[in-house]
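Notes for the one structure printed next.
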Amino acid sequence: MSITQNLQELRTQLPAGVGLVAVSKFKRHEAVAEAYAAGQRDFGENYVQELVEKQAQLPQDINWHFIGHLQSNKVKYIAPFVHLIHSIDSAKLLKEVQKQAKAQGRTISCLLQVHIAEEDTKSGFSPDELRAFVRDFDAEAYSHVSILGLMGMGTFTDDLSQTRREFKGLHALYLEIKEIWPGLTTLSMGMSGDWPCAVEEGSTLVRVGSSIFGTRK
Ligand SMILES: *Cc1c(COP(=O)(O)O)cnc(C)c1O
């Protein structure tokens with residue numbers, strides 16, 4: 001199946017109201033261009049240098065999502081153009097996004113990443129850290145960031161019942177935070193192996209790579 005066919009099939013399966021980020025990490029510009037030609041405008045990348053190169057060379061109306069672990073000292077490279085940062089995992093990182101967004105005269109949209117998986121390798125706020133962060137949030141200090149919601153990654157496992165539990169937990173946390181911040185719109189969860197489950201559990205934005213572009217080396 002071609003990238004175009006994969007995208008078309010995915011679109012027919014995604015319910016209305018659920019957005020799709022096509023994750024193009026490690027994929028050539030030609031692959032992104034093919035998806036673009038098939039109408040896709042939102043793409044996700046994990047690495048700053050790769051994202052900066054693609055952004056410079058591919059169509060300027062692409063919405064670039066940063067979904068990988070982001071180091072504070074690299075925020076400045078993506079601040080001029082990034083559409084949504086999914087992976088805010090500390091107050092320190094969000095402060096740096098605020099600083100760089102202000103320097104660019106932009107407001108940058110962000111999601112707070114929550115650690116929902118059993119694995120320690122995945123980053124993010126724990127649920128209690130997130131609650132404390134939201135409780136103590138100083139909106140004036142973050143005049144150039146817009147927090148739109150939460151992001152999480154399930155445990156890498158064949159046991160979809162575990163993944164479902166984790167997604168349910170994240171959705172409940174999202175609703176809890178939405179009581180405090182009613183303007184939240186986005187719950188980013190679900191990848192190639194688990195997005196149907198994530199959508200059933202309340203995802204509004206899925207991040208799909210290999211099911212569109214093929215497996216990565
Ligand atoms: C790589 C990646 C994806 C896409 O993974 P696939 O399994 O290829 O769909 C989604 N989200 C994040 C955070 C990723 O790093």
query = Gap in Å between the Cα centre of the range 4-78 and the Cα centre of the range 102-180?
reply = 21 Å
note = Under 5 Å from the placed amide H of GLY209, counting only residues 5+ away or on other chains, we find VAL23, SER192
Subset of LYS25/LYS54; LYS27/LYS99; LYS74/LYS99; LYS54/LYS217; LYS25/LYS76; LYS27/LYS54 violating a 22 Å alpha-carbon distance limit = LYS27/LYS99
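For the chain, give the magnitude of the charge dipole about the Cα centre (Cβ charges: +1 Lys/Arg, -1 Asp/Glu; no others), in debye to the nearest 20.
Values: 23 positive and 26 negative charges, 131 e Å.
Dipole of the chain, to the nearest 20 debye: 620 debye.
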key: Where the Cα pairs of the range 1-55 fall when distances are cut into 10 Å bins, in %   = 23, 54, 22, 1
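Taking neighbour Cβ counts within 10 Å as the exposure measure, how do GLU201, GLU118 sort from fewest upward?
Sorted ascending by nearby Cβ count, the order is GLU118, GLU201.
Report, in deg cm²/dmol and to the nearest 500, the calculated mean residue ellipticity at 222 nm for the chain, where each DSSP H run with n ≥ 4 adds -39500 (n - 2.57) and the sum is divided by the residue count. The partial results should precede the final answer.
Values: 9 runs with 88 residues, N = 217.
Value at 222 nm, helices only, nearest 500: -12000 deg cm²/dmol.
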query = Taking 1 over the mean of 1/r across every pair of different Cα atoms in the range 111-169, what Kirkwood radius in Å do you get?
reply = 12.8 Å
message = Can you tell me the mean projection area, over all orientations, of the convex hull of the range 81-208's alpha carbons? Units nm², please.
response = 7.6 nm²
remark   = Normalised Cα Rg of the range 43-87, dividing by 2.2 N^0.38 Å with N its residue count, works out at 1.00
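Provide the net charge surrounding LEU93, with neighbours chosen by a C-beta distance below 14 Å and charges set as Lys +1, Arg +1, Asp -1, Glu -1.
Numbers: positive: LYS74, LYS76, LYS92, LYS95, LYS99; negative: ASP89, GLU96, GLU129.
Value of the local net charge: +2.
Let me check I've understood the local charge: for GLN60, count other residues with C-beta under 12 angstrom from its C-beta, Lys and Arg +1, Asp and Glu -1. What total comes out? Kindly include the intermediate steps, with their values, before the conclusion.
Numbers: positive: ARG41, LYS54; negative: ASP61.
Net local charge, GLN60 excluded: +1.
How high is the FRET efficiency between ALA16 and ASP136 when r is their beta carbon distance and R₀ equals 45 Å, given to the nearest 0.05? Before the final figure, lay out each step's value.
Numbers: r = 37 Å, r/R0 = 0.82.
According to the calculation, E is roughly 0.75.
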Cα principal axis extents for the range 56-156, largest first, Å = 38, 34, 22
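Working from the pairwise distances between different alpha carbons, so that the mean of 1/r is found and then inverted, what is the chain's Kirkwood radius in Å? Can you show the working numbers first?
Working: mean 1/r = 0.0569 Å⁻¹.
Every distinct Cα pair counted, the radius reaches 17.6 Å.
Bear in mind that the values in this text are calculations on the coordinates, not laboratory data. Please read all numbers here as calculations on a predicted model, not as lab measurements. Positions of Cβ are backbone-derived with ideal geometry, glycine not excepted, and every protein chain shown enters the neighbour counts.
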